[in-house]
Amino acid sequence: MPVLLLAGSSLITWIILCSIRSPHHSGMRAAFIQTCILYGVLIAGLTEGLSLTRSLNFSSVAVFWTSILILNIVFLVFALQQRHRVTKDSFSALLPTKLIAKARRALPQESSQKATIVCVMLILLLCLATALIAPPNNWDSMTYHMPRVMHWLQNGTVAHYTTNNLRQISFPPFAGYTIAQLQLLSGGDRFANTVQWLAFVGSITGISLLTRQLSTEKAARISTLVCASLPMAIMQSTTTQTDLITTFWLVCFAYFIFSTESYSGLDYFWLSASLGLSILTKPTAIIFGFPLVIILALRIFRAKQLTSNGYFISSFLQSIFTVLGLVASSLILSIPSYWRNYETFSSFLGIDGGTRNTNITLLSLIFNILKNLALNLPIPGFLRLVHQLEKQVYSVNNIYQQTGGVNIDKFRTSMAPNEDHVGSPIHLILGVLAAVVLIVTCYSYWRLWKAENRSQRIDRNTTKDNLLWLLSSNLSGFLLFNLLLNWQPWGNRLLLPVFVLNTPVIADYLNSSVKPKLRSILLSLLAISAVLYALTPMRHPLLALPISHPEQSQSILTLDRQAIYFSGVRKDLKVPYEAATDAIVNHGCGSIGLALDMNDWEYPLWTLLHQKSAKPFRLKHVRGGNEYTEIASEFADSALC
């Protein structure tokens, strides 16, 4: 299968990076996220490069990854010749089996820590099974995530095209780039969901490294389960949405910020690339990444002060220019996408979509915070109470607060396994407790540091200080999110970076401030709930819940793949879509016009036509519903049936 070209190439790159880094298992984890960053940059560059000549097709992509695979093999052999003179033992030292053996030797000896790793592996395997068995059937996947990929592959380019759903061309494209290449190499959408699943694996890996850097190895192992048990992360890992991918790149960015005290040129590359990939994936990365950039600037400033004999102005200016250069270089990956948006919409970020808060006040910030907290606290009536209070306040000031186009009076906080709404009450409560304990501890250390001999307190205080910096970044990102964006019922999905990046703080709290017996109970509770969530995602469950909910699907183990597209959100569309497809096929139509609205499902038409049509076909949007519909014609109207 051609998709193995990409998989094999990335595996060899990981092996090479493992050989360069420390053989300790943390070096293997760091090599994994570095491999992901390198291939993220390659995928973005390749997609944009091929699009310039309308060559985004199987042949071009296969040739590229074949070349990369060959180069990897040559580099691996050359490295072995230089370092080991190519003996049998030197080759075997870098074989995956040897690397796995090293990882096994590094596993903890305590049974509780082994159980943690087993639970994390079980969660990941259940999510992988779901991602592979079930095709995309999420609402956003049907309306714009997957249709944009199909139009790109049809056109051989990611250039903007005429569409009635402007999200297809306006929103950042990285996740779609990766899915497009997997579609080309595999011949279908079998691996479309695995992009977010890999981001799930990467987020857990990166969080363990970040926690190890800020706390202890034991806390790092705890953090893997805390991160893997986040309900929204589990739900996202089996879809083609983009929140988990964005989270992964931000985790990488945070890890490289705290991985060293003095940054080298290579460190700046990893920082710039991870930040750039997050921005290329979702605009919310700008909101959550901004506080991390500030933390980076402060750390650079502190390091430069130590090397410039304390000259404040010189250190400050060098830090500013360094960070500005890093941010500018991180935007390089987004320039083609931003330029297309600017030409079309006169805005680099594209359409607004009604999500930006135009009423930036203290009151709107407070109400948005309360409503987002209510999404994660299953307290009956809490969300409605907050909204009623908000309406009373704004009725006095003649201000209407947008609510994402949803009647909030009919919306209920749901703990059901839904990838748009599921909350994380345990993680929220633990996060608040951990934050309070960390702040109190740091304050106590600060007072002791001032009152007693500083040398006796400085090391311990510095460790907590770094955790406090991370916590400050998370809180700042949360406040900016609530300040700049309107409240949305699917806010938990958008806030996933905050929950994941707060994991090291929770893990340190559980490790250092919670008694072992209580800690074991809490981790067991997280593990059990996580396994249940991994088994029962509402729209594509391995084990169907016995509830009567309009979005509850049968078990995907009992359905054929084509039926799963309609088994969740829109069961009512299966019959009419199949009838429409049959009519197109019976007519012998090869050029089809789509008169769809923004929230109409488009992707099932592509899959049904691929399944039923014996002749090639093309699709384009034909009904103008906005001022941007005449961007570029995919083919002449005269060719339409």
Which of (1) under 19 Å from the mean Cα position of the chain (by Cα); (2) surrounded by 24 or more Cβ atoms within 10 Å (Cβ to Cβ) is the odd one out, the single condition Val158 does not satisfy? (1)
When you look at Ile521, is it under 21 Å from Ser237 (Cα atoms) and β-branched (Val, Ile, Thr), yes or no? no
What number of residues within segment 121-143 are in a helix (DSSP H, G or I) and in contact (Cβ under 8 Å) with a residue 40 or more places away in the chain? 16
Could you count how many residues in segment 298-345 are of a type in the set (D, E, K, R), within 30 Å of Ala175 (Cα to Cα) and surrounded by 13 or more Cβ atoms within 10 Å (Cβ to Cβ)? 1
Considering only residues that are among the charged types (D, E, K, R) and in a loop (DSSP other than H, G, I, E, B), look in segment 539-584 and name the one that is nearest to the chain's Cα centre (by Cα). Arg539
Does any residue in segment 352-367 that is without any contact (Cβ under 8 Å) to a residue 12 or more places away in the chain come within less than 9 Å, Cβ to Cβ, of a residue that is among the aliphatic types (A, V, I, L, M) and in a loop (DSSP other than H, G, I, E, B) six or more places away or on a different chain, and which pairs are these? Thr361/Ile399
Residues being at pLDDT 90 or above and more than 16 Å from Trp152 (Cβ to Cβ) - total across segment 618-639: 0
Residue hits (segment 496-516; part of a helix (DSSP H, G or I) and open to solvent by 10 Å² or more (accessible area, probe 1.4 Å)) are Val498, Phe499, Asp508, Tyr509, Asn511, Ser512, Ser513, Pro516
Could you look through segment 134-155, keep only residues that are within 12 Å of Asp189 (Cβ to Cβ) and among the hydrophobic types (A, V, I, L, M, F, W, C), and pick out the one that is most open to solvent (accessible area, probe 1.4 Å)? Leu153
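Each row is one residue, and each column tells you yes or no for (1) closer than 24 Å to Ser26 by Cα; (2) free of Cβ contacts under 8 Å to residues at least 12 places away in the same chain; (3) over 17 Å from the mean Cα position of the chain (by Cα).
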site: Thr224; (1), (2), (3): yes, no, no
site: Met232; (1), (2), (3): no, no, no
site: Ser264; (1), (2), (3): yes, yes, yes
site: Asp267; (1), (2), (3): yes, yes, yes
site: Ile279; (1), (2), (3): no, no, no
site: Pro283; (1), (2), (3): no, no, no
site: Phe301; (1), (2), (3): no, no, yes
site: Ser315; (1), (2), (3): no, no, yes
Selection status of Ala435, closer than 23 Å to Thr216 by Cα and either buried (at least 17 other Cβ atoms within 10 Å of the Cβ) or at pLDDT 55 or above (or both): yes
Residue count, segment 354-384 (criterion: modelled with pLDDT under 85 and either among the aliphatic types (A, V, I, L, M) or more than 22 Å from Pro417 (Cα to Cα) (or both)): 6
Residues that are hydroxyl-bearing (Ser, Thr, Tyr) and within 30 Å of Tyr565 (Cβ to Cβ): find the helices (runs of 4 or more DSSP H) completely inside segment 210-309 holding 1 or more of those. 243-258, 265-281, 284-307
Do we have Leu375 as of a type in the set (A, V, I, L, M), surrounded by 17 or more Cβ atoms within 10 Å (Cβ to Cβ) and either touching a residue at least 60 places away in the same chain (Cβ under 8 Å) or in contact with a Ser or Thr (Cβ under 8 Å, 6 or more places away or on another chain) (or both) here? yes
Residues in segment 582-591: is at least one at pLDDT below 90, within 19 Å of Met232 (Cα to Cα), open to solvent by 10 Å² or more (accessible area, probe 1.4 Å) and not hydroxyl-bearing (Ser, Thr, Tyr)? no
So for segment 571-587 (the condition being small (Gly, Ala, Ser) and touching a Ser or Thr at 6+ places or on another chain (Cβ under 8 Å)), does at least one residue qualify? no
Residue match in segment 541-553 (condition: more than 24 Å from Pro425 (Cβ to Cβ) and either surrounded by 13 or more Cβ atoms within 10 Å (Cβ to Cβ) or touching a residue at least 24 places away in the same chain (Cβ under 8 Å) (or both)): yes
Do you know which residues across segment 596-620 are open to solvent by less than 60 Å² (accessible area, probe 1.4 Å), in a loop (DSSP other than H, G, I, E, B) and either among the hydrophobic types (A, V, I, L, M, F, W, C) or over 19 Å from Asn138 (Cα atoms) (or both)? Leu596, Trp601, Ser613, Phe617
Does segment 528-570 hold any residues that are in contact with a Ser or Thr (Cβ under 8 Å, 6 or more places away or on another chain) and of a type in the set (D, E, K, R), and which are they? Arg539
Pick from segment 170-209 the residues that are within 28 Å of Trp339 (Cα to Cα) and touching a Lys or Arg at 6+ places or on another chain (Cβ under 7 Å): which of them is surrounded by the fewest Cβ atoms within 10 Å (Cβ to Cβ)? Pro172
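The values are calculated or read from the model by the stated rules, or taken from the named source; none is laboratory data. These numbers were taken from a predicted model, which means no experiment stands behind them. Counting neighbours? That spans all protein chains shown, and the Cβs are built from the backbone with ideal geometry, glycine included. With ligands, DNA and RNA removed, areas are computed over all heavy atoms of the protein, side chains included. Shrake-Rupley method; radii C 1.70, N 1.55, O 1.52, S 1.80 Å.
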